[in-house]
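Okay, structure first, notes after.
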Amino acid sequence: MTDAGFHRRTMLGLGLTAAATPAVAAIAPADPGEIVPLWPRLPPGAPAVLPREEVRDRAATSGFRDRIVTGVARPLMTVFRPARPNGAAVLVIPGGAYVRVVIDKEGFETARRLNAAGVTAFVLRYRLPGDRWTPRTAAPLQDAQRAMRLIRSNAAAFGVDPARVAVMGFSAGGHVAATLCTRRAEAAYPPLDAADGQDARPDLACLMYPVIDMSPPHAHRGSREALLGSAPAPDAEAAASPHRHVNARTPPTFLVHAMDDDSVPVANSLAYLAALRAARVPAEAHLFEEGGHGFGIRLIQGRPAAAWPDLFLAWAARKGFVKS
């Protein structure tokens, strides 16, 4: 692998073992050691003083390893390699309302489930717009585009098929994923190296209870303010609402949402689904009666929505993405 910025099995100050309670730390699986920094130098639009990156484990209140990252200064991907890879890859983008990145619940736990199906997973730790990046709205999209390009550029070394690279985003991470899908051709940053000649378009998308609409009444207030500021203009809201930018080149998409989600209304997924149908983009949606918000895999066990990983993998297999 010769692309600038790629360093295999470097920890890069990951800091993902700090602050766990002894009981949780004792049963939590070890983190992978394979880390891919996204940028060979400072990320685009860096402020004069970089944000201070912090990792905090919410295990004391969650009852399980539940790490979050704030102040992301050096965005990266953590690579999860399956024991029996089938060539498919997924860029996993956790949520966190654009003020944190939820590493375990929506990132690492999801990656391990994908590994069990033979899928190589890349968990993205992306920059947050409130940390003075310029322009503030560009940083998450820049990181997502760069991540997709690095996966494809180094596909042979990762053991993946560059024509089978999907994206999966949760909550605000779903907004990053949907923005990547609808603005994949946008030159979000100046090209740096050969990797930036790769296509950033995902081959498939899975959007989990995604933030989509940035206009009231359906906008998630916290994500909207973190991304756009406290009083965004209507044209800024429209520009940042992915359902307004769906077209025939938007990737086939799988949507999951709980009807009782009181944080990100189900209307967000419905708006994106309607736009996909209008553009004749293949789509499948599963709307569950219960589940609330942010359930990932762990918090939905024992309820019907727990089936979502199997439903996604079955749909992906029908699309020729997951192969035995």
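Full extension of the segment from residue 263 to residue 289, taken as 0.36 nm per residue of separation minus the current Cα-Cα distance, would add 7.9 nm. For the chain, the Cβ-based charge dipole about the Cα centre amounts to some 640 debye (Lys, Arg positive; Asp, Glu negative; other atoms uncharged). Overall, the ratio between the Cα radius of gyration of the chain and 2.2 N^0.38 Å, rounded to two decimals, is 0.91. A simple spin-label model places pseudo-atoms 7 Å from Cα toward Cβ; at residue 323 and residue 230 they are separated by 5.4 nm. Here the alpha carbons of region 165-324 define both size measures, Rg and Dmax, at 15.8, 50 Å.
Between the alpha-carbon centres of region 50-72 and region 305-324 there is a gap of 30 Å. Look at the Cα gyration tensor of region 63-208: its axes a ≥ b ≥ c give a/c of at least 1.5 with a/b at or below b/c, and that counts as oblate.
Placing a label point 7 Å from the Cα of residue 156 along the Cα-to-Cβ direction, the residues of region 80-118 whose backbone N falls under 20 Å of that point are 85-89.
Could you tell me what % of all Cα pairs in region 140-193 have separations over 17 Å? Above the 17 Å cut-off, region 140-193 has 39 percent of its Cα pairs. Convex hull volume of the Cα atoms of region 254-324, normalised per residue: 84 Å³. Helices in the chain, meaning DSSP H runs of at least 4 residues, each add -39500 (n - 2.57). Divided by all residues, the mean residue ellipticity at 222 nm is -7500 deg cm²/dmol. With each label modelled as a point 7 angstrom along the Cα→C-beta vector, the residue 84-residue 248 pair spans 4.0 nm. Once the chain from residue 134 to residue 280 is taken as fully extended at 0.36 nm per residue, the excess over their C-alpha distance is 49.1 nm.
Take the Cα radius of gyration of region 34-119 and divide it by 2.2 N^0.38 Å, N being the number of residues; the result is 1.23.
Simple point charges give the picture: +1 on the Cβ of Lys and Arg, -1 on the Cβ of Asp and Glu, and for region 156-208 a dipole about the Cα centre of about 180 debye. Protection proxy ranking of 78-89, 102-113, by the mean of other Cβ atoms within 10 Å over each peptide's residues and highest first, is 102-113, 78-89.
Extending 7 Å from Cα along the Cβ direction at residue 48 and again at residue 192 yields two label points whose distance is 2.4 nm.
Any read-out appearing in this document is the output of simple, stated calculations on the displayed coordinates, not a laboratory observation. Owing to the predicted nature of the structure, the values given are computational and were not obtained by experimental measurement. Neighbour counts run over all protein chains shown; Cβ positions are idealised from the backbone, glycine included.
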